[in-house]
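The values are calculated or read from the model by the stated rules, or taken from the named source; none is laboratory data. Fair warning: this is a prediction, and the values are worked out from it, not measured in the lab. Backbone-built Cβ (ideal geometry, glycine too); neighbour counts: all protein chains shown.
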């Protein structure tokens, strides 16, 4: 068995462990719903939100961490959220196998393992998990586990099934130090965009729930949302991660132009990949600018974040598979 075969074995082991982590996180959300339902027997949820809004000097939404989240979790909440910790432990274990698979692919190829769609999928998803694990040191984002780990299972499993290619020598334009820098930074930026995307989806759900509570609608939404941060808090976190991703993506754009000049003698040529990289940059620049200076808050900012990540996925999949250009290195025939 060679290094590439070992790499494949590590990757599929990681997929299986991530799938188990996804189930654990899904069970955690179900149990959060039960904790929220139990909390309602003590204090009606709409009364908690109404009291918080009435007592806030800013008149903003109630912070579910400080009000509904804390009440729902209570002293017994962390014990009931043990499945989230199990999911995180499985995610870390899957990450180790995943990282081993990426490293072994690099050893088999004798270069950095991100020169085609299969390798970029491996590297990009391992960075998504790495960022998710690292961010959880400072922020408790285990409630994103189902979303993030589920996304990685789909992307990594799909890549291992449909994008796998044998190890081949690098094409001449890829024989550059910029392959190491440019693609790695782009992958890292994508990881932060993925977190912002997941937070924006939950922000939309939480915002709708809070609006329905304010309107005293009997069934405001999924009960597990009561144990999550408020929509404002989710939006703030999404904005932070999108800003970090945007900085990395800006570097990606600049580095790509320098690499293009070294490889083809021009900084910009409106190649398909270049154009879509710029479109993504514009979308996130618009998101950051609109929220910071135009007061775009709530659902409008969330949708901009979601559209931006949709463009990232489109750039990686559809552009690589169906568009022609100098940058298309899918490795697929």
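Applying the selection to region 282-295, what residues are over 17 Å from the mean Cα position of the chain (by Cα) and under 15 Å from residue 196 (Cβ atoms)? Once the filter is applied, which keeps residues that are over 17 Å from the mean Cα position of the chain (by Cα) and under 15 Å from residue 196 (Cβ atoms), region 282-295 yields 285, 286, 288, 290, 291, 292. Take residue 266 and tell me if it is in contact (Cβ under 8 Å) with a residue 60 or more places away in the chain and in a loop (DSSP other than H, G, I, E, B). It is false that residue 266 is in contact (Cβ under 8 Å) with a residue 60 or more places away in the chain and in a loop (DSSP other than H, G, I, E, B).
For region 227-272, filtering for residues that are more than 18 Å from the chain's Cα centre (by Cα), within 16 Å of residue 301 (Cα to Cα) and buried (at least 22 other Cβ atoms within 10 Å of the Cβ) leaves 1. Whether any residue in region 30-46 is out of contact with any helix residue (DSSP H, G or I) (no Cβ under 7 Å at 6 or more places or on another chain) and either at pLDDT 90 or above or within 30 Å of residue 156 (Cβ to Cβ) (or both) is what I want to check. Yes, the conditions are met somewhere in region 30-46. When region 293-314 is filtered for residues that are at pLDDT below 90, more than 17 Å from residue 231 (Cα to Cα) and part of a helix (DSSP H, G or I), only 293 remains. Considering 258, 247, the condition of being assigned to a helix (DSSP H, G or I), closer than 21 Å to residue 180 by Cβ and either in contact with a strand residue (DSSP E or B) (Cβ under 9 Å, 6 or more places away or on another chain) or at pLDDT 95 or above (or both) is satisfied by 247 alone.
The single condition among (1) within 21 Å of the chain's Cα centre (by Cα); (2) surrounded by fewer than 18 Cβ atoms within 10 Å (Cβ to Cβ) that residue 127 does not satisfy is (2). Evaluating residue 318 against the criteria (1) surrounded by fewer than 15 Cβ atoms within 10 Å (Cβ to Cβ); (2) over 30 Å from residue 158 (Cα atoms) leaves one unmet condition, (2). Among the residues of region 146-175, not one is within 25 Å of residue 260 (Cα to Cα) and under 16 Å from the mean Cα position of the chain (by Cα).
A quick yes/no check of all residues on (1) closer than 16 Å to residue 131 by Cβ; (2) assigned to a helix (DSSP H, G or I); (3) out of contact with any helix residue (DSSP H, G or I) (no Cβ under 8 Å at 6 or more places or on another chain); (4) modelled with pLDDT under 90:
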position: 191; (1), (2), (3), (4): yes, yes, no, no
position: 196; (1), (2), (3), (4): yes, yes, no, no
position: 202; (1), (2), (3), (4): no, yes, no, no
position: 205; (1), (2), (3), (4): no, yes, no, no
position: 217; (1), (2), (3), (4): no, no, yes, yes
position: 221; (1), (2), (3), (4): no, no, no, yes
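Looking at residue 221, is it within 30 Å of residue 83 (Cα to Cα), touching a residue at least 12 places away in the same chain (Cβ under 8 Å) and surrounded by fewer than 20 Cβ atoms within 10 Å (Cβ to Cβ)? Yes, satisfied.
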